[in-house]
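Okay, structure first, notes after.
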Amino acid sequence: MLDESLDALVTAANDGITFDGLEVTPTNGSYTVAVDGESATAATDAELRSLVSDHPDHVTNWYFWHAVAPQKQDRWSFLRWLEGANERAVADRYERLEAGIVETWGQLRIEVALVDTDGNRRYSLRHEDDAGVPGEELDTHTDPLDARTLAKHDDDGRYRPLKTAPSLQTGWQFPDLTADQVVSAVDFFYPATSSNWHKEREGELDVSHWHETVERQTGIYGVVETWDRGEGYEHVNWVAEACCDDSQCLKRREWQYDEETELDIDGGDGSFPCREPCSLVISAARKWTKLEGEQPATYEFELTPSEKEQIEAIIDAVAEGKTEEIREADVYDDANRYRTRFLRAKLFDDEGNLCGVDTEQ
Amino acid sequence: MQALVIAAHGSHLNAGSSTPTFEHADTIRAAGAFDEVRESFWKEEPPFREVLRTVDADEVHVVPLFISEGYFTEQVIPREFRLEGWDPEQWDSDGTSASSTTLPASDTGQTVHYCGPVGTHDAMSDVIVQRAESVTDDPDVGEGFGLAVVGHGTERNENSAKAIEYHAQEIGERGRFDEVKALFMDEDPEIDDVTEYFESEDIVVVPLFIADGYHTEEDIPEDMGLTDDYRTGYDVPTEVDGHRIWYSGAVGTEPLMADVVLERAADAGADVTDAIEQVKAETGSAHASSD
């Protein structure tokens, strides 16, 4: 590829080149060449070719980013970010690329490495939890389209309606992807994340806040707008705490109540932004709109202090998705199944009412 | 460069909902007519709001993988894709004759050729017939057979019934089947009484749905009396009231659906003639009968 790269570079030199520490400036038929700050002059195309061929890494690096990597801005920037191209000079970067540079994107572990002296990169992709697993123990995939299937279910075989939930299944690898393919695979695992990440870096992320998003809804979701009754935004804090926490979604929530009103809940630490309430949030909000329209009632229950704490622990365990982790015989855990069944046996009447208290009074 | 985006409903609950969309997209990818093909969903990701930014092409054909013209194709998709200046009048449709229109997307500036849904395209009639061939495993099925085209009905959208009736009439006029009827889940003539509407002993029942799910896998088989409990399954054909019912499941899972997506894009000016030929050859009746 070096010859091909040199041909392309000499052709492009007529328009001047400034890229990653390599500068070629055409002046009256000759060229001024600067590599990492050191200058020289080339009187002819042949001299230019000879001069830059002493810096093969710069030549192949220039070629890779102009003729091999996808040119769509967000894809290009994402790939540059993967190898730290804006922070690391070519010599340092190429040395690191020999061994492989690793980045994390959500739960994806992405490694980029040089495969030859021509500057060709190989990208490999696996779950971050599989970082130390020998390749032969993982299912090997070559087609980025497979990512759609891998993204569908978690390790327990449950459907993942939210692609950016932190429940990506493990046990697979894409060991050898091209630049185009890795971008495509990442987009199948985490759709639109690199596009929105790029927009954010450029200061162009088009955030749609809660209020304008619910205002836009029609059909069965039109009702969500009525939840905003000018009573502040506490309800939206609860929605964000329920759905958008890092434990539920790896996107970093950038939407707020509206342009002027920030929510009180942290948006999370994700690498890529969330630009508007997603369809899961809107669906859940439709249910909450109906539930929150109810008037509170006063109920009287008699519980021992431990029973009150146990109910709190059960709610906590369900909310954190911890019920599966609580061991069957761990009766010391308040949310243990036997403990919970005991509570139900003791406190529920035949109709399932807590302490025999009717819901309708 | 030309790109295709398939806009489908998707589901928060059912993992299989997106499967036909992926399969048709892959058939079209393999045909190579578009530089890029991307699936997009109302309930899954990438959402309608964000799919265009993931596509490199300046010109994008958007084809809704929906059965009827109405709420989703006229309100939701144009709004969420941010199609500037959209007006349903631009399709000049009577409810089953949507064409296409070209509009800019306000967030990305891309030119979008917004097409009518697959469900009301003429080529959909061929897919229904192909579905009948697939379920009977007979490329010449027709003589001695009745065909029931089944739809949801008018619960939310009057055009929903129009699409079903349109294809039933179109296939009926071909004279291939002894009888062709449109039946519905929630209005007369109802699918529950399917055997009362046909004289033919053999009846092929094809539901006009994009994906298999609750309606096509649970409701319809139980309503027709194929089974008392969908979980125990049913035979194809199943004998009901002296008729043999050949129930096909959702028409949208038929591989030939990929052709309808391409036809929609072609009608909107996409250069996909060769791909249409290839997809028809791979997924059409010639292919089915050689299996």
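Computed values, structure above
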quantity: Search result, residues across the stretch A:267-291 that are away from chain B (no Cβ under 11 Å) and in a strand (DSSP E or B); calculated: A:P273
quantity: The one condition in (1) in contact with a strand residue (DSSP E or B) (Cβ under 9 Å, 6 or more places away or on another chain); (2) within 14 Å of another protein chain (Cβ to nearest Cβ) that A:L125 fails to fulfil; calculated: (2)
quantity: Filter result for A:D176 (over 22 Å from B:E39 (Cα atoms) and either more than 11 Å from every other protein chain (Cβ to nearest Cβ) or charged (D, E, K, R) (or both)); calculated: yes
quantity: Restricting the stretch B:79-96 to residues that are touching a Phe, Trp or Tyr at 6+ places or on another chain (Cβ under 8 Å) and part of a loop (DSSP other than H, G, I, E, B), the residue that is nearest to B:A161 (Cα to Cα); calculated: B:T96
quantity: Residue in the stretch B:256-275 that is out of contact with any strand residue (DSSP E or B) (no Cβ under 8 Å at 6 or more places or on another chain) and within 19 Å of B:D202 (Cα to Cα) present; calculated: no
quantity: The stretch B:31-54: number of residues that are facing chain A (nearest Cβ under 9 Å) and not in a helix (DSSP H, G or I); calculated: 13
quantity: Some residue of the stretch B:65-76 being free of Cβ contacts under 8 Å to residues at least 60 places away in the same chain, more than 9 Å from chain A (Cβ to nearest Cβ) and within 28 Å of A:A165 (Cα to Cα); calculated: no
quantity: Hits in the stretch A:248-286 (condition: without any contact (Cβ under 8 Å) to a residue 40 or more places away in the chain and of a type in the set (D, E, K, R)); calculated: A:R252, A:R253, A:E260, A:E262, A:D264, A:D266, A:D269
quantity: Options B:V76, B:V112, B:V62: the member that is under 26 Å from A:V207 (Cβ atoms) and assigned to a helix (DSSP H, G or I); calculated: B:V76
quantity: Of all residues making up the stretch B:45-84, the number that are of a type in the set (V, I, T) and in contact with a Lys or Arg (Cβ under 8 Å, 6 or more places away or on another chain); calculated: 4
quantity: Considering residues of the stretch A:240-254 that are under 16 Å from the mean Cα position of the chain (by Cα) and among the hydrophobic types (A, V, I, L, M, F, W, C) only, the residue farthest from the other protein chains (Cβ to nearest Cβ); calculated: A:C244
quantity: Test: B:D87 is more than 9 Å from every other protein chain (Cβ to nearest Cβ) and not polar (S, T, N, Q); calculated: yes
quantity: Meets criteria (modelled with pLDDT of 95 or more and under 28 Å from B:A57 (Cβ atoms)) for A:L97; calculated: no
quantity: The stretch A:198-211 residues that are more than 20 Å from A:C243 (Cβ to Cβ), paired with ones that are among the aliphatic types (A, V, I, L, M) and at pLDDT 95 or above (beta carbon under 6 Å, 6 or more apart); calculated: A:K199/A:L205
quantity: Condition check for A:E302: within 30 Å of A:W81 (Cα to Cα), at pLDDT 95 or above and acidic (D, E); calculated: no
quantity: Scan of the stretch B:4-30 for residues that are more than 10 Å from chain A (Cβ to nearest Cβ), more than 14 Å from the chain's Cα centre (by Cα) and either crowded, with 22+ Cβ neighbours inside 10 Å or hydroxyl-bearing (S, T, Y) (or both), ordered by number; calculated: B:L4, B:V5, B:T27, B:I28
quantity: Residues satisfying the stated conditions in the stretch A:1-47, i.e. in contact (Cβ under 8 Å) with a residue 60 or more places away in the chain, farther than 24 Å from A:E87 by Cβ and in a loop (DSSP other than H, G, I, E, B); calculated: A:M1
quantity: Lone qualifier among A:V182, A:V186, A:V207 - being at pLDDT 95 or above, within 11 Å of another protein chain (Cβ to nearest Cβ) and surrounded by 16 or more Cβ atoms within 10 Å (Cβ to Cβ); calculated: A:V186
quantity: Members of the stretch A:103-116 that are surrounded by 15 or more Cβ atoms within 10 Å (Cβ to Cβ) and part of a strand (DSSP E or B); calculated: A:E103, A:W105, A:L108, A:R109, A:I110, A:E111, A:V112, A:A113, A:L114
quantity: Members of the stretch A:117-155 found to be in a loop (DSSP other than H, G, I, E, B) and free of Cβ contacts under 8 Å to residues at least 40 places away in the same chain, listed by number; calculated: A:A131, A:G132, A:V133, A:P134, A:L138, A:H141, A:T142, A:D143, A:A151, A:K152, A:D154, A:D155
quantity: Condition met for B:A265 (assigned to a helix (DSSP H, G or I) and outside the structural domain of B:L103 (by TED's automatic domain parsing)); calculated: no
quantity: Test: residue in the stretch A:217-239 that is within 11 Å of another protein chain (Cβ to nearest Cβ), without any contact (Cβ under 8 Å) to a residue 60 or more places away in the chain, buried (at least 17 other Cβ atoms within 10 Å of the Cβ) and over 22 Å from B:E80 (Cα atoms); calculated: no
quantity: Out of B:P104, B:P88, sole residue that is touching a Leu at 6+ places or on another chain (Cβ under 9 Å), more than 17 Å from B:I210 (Cβ to Cβ), surrounded by fewer than 24 Cβ atoms within 10 Å (Cβ to Cβ) and not assigned by TED's automatic domain parsing to the domain that holds B:S160; calculated: B:P104
quantity: Qualifying residues in the stretch A:51-84 (those that are touching a residue at least 40 places away in the same chain (Cβ under 8 Å) and acidic (D, E)) - the one farthest from A:I110 (Cα to Cα); calculated: A:D57
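Rundown of residues vs (1) exposed (fewer than 11 other Cβ atoms within 10 Å of the Cβ); (2) more than 30 Å from A:E231 (Cβ to Cβ); (3) touching a residue at least 12 places away in the same chain (Cβ under 8 Å); (4) touching a helix residue (DSSP H, G or I) at 6+ places or on another chain (Cβ under 7 Å), yes/no style:
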{"site": "A:L303", "(1), (2), (3), (4)": "no, yes, yes, no"}
{"site": "A:A313", "(1), (2), (3), (4)": "no, yes, yes, no"}
{"site": "A:D316", "(1), (2), (3), (4)": "no, no, yes, no"}
{"site": "A:E320", "(1), (2), (3), (4)": "no, no, yes, no"}
{"site": "A:F342", "(1), (2), (3), (4)": "no, yes, no, no"}
{"site": "A:E360", "(1), (2), (3), (4)": "yes, no, no, no"}
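The values are calculated or read from the model by the stated rules, or taken from the named source; none is laboratory data. The model shown is predicted, which means the values in this text are computed figures rather than measured ones. Every residue, glycine as well, gets a Cβ built from its backbone with ideal geometry; the counts of neighbours run over all protein chains shown.
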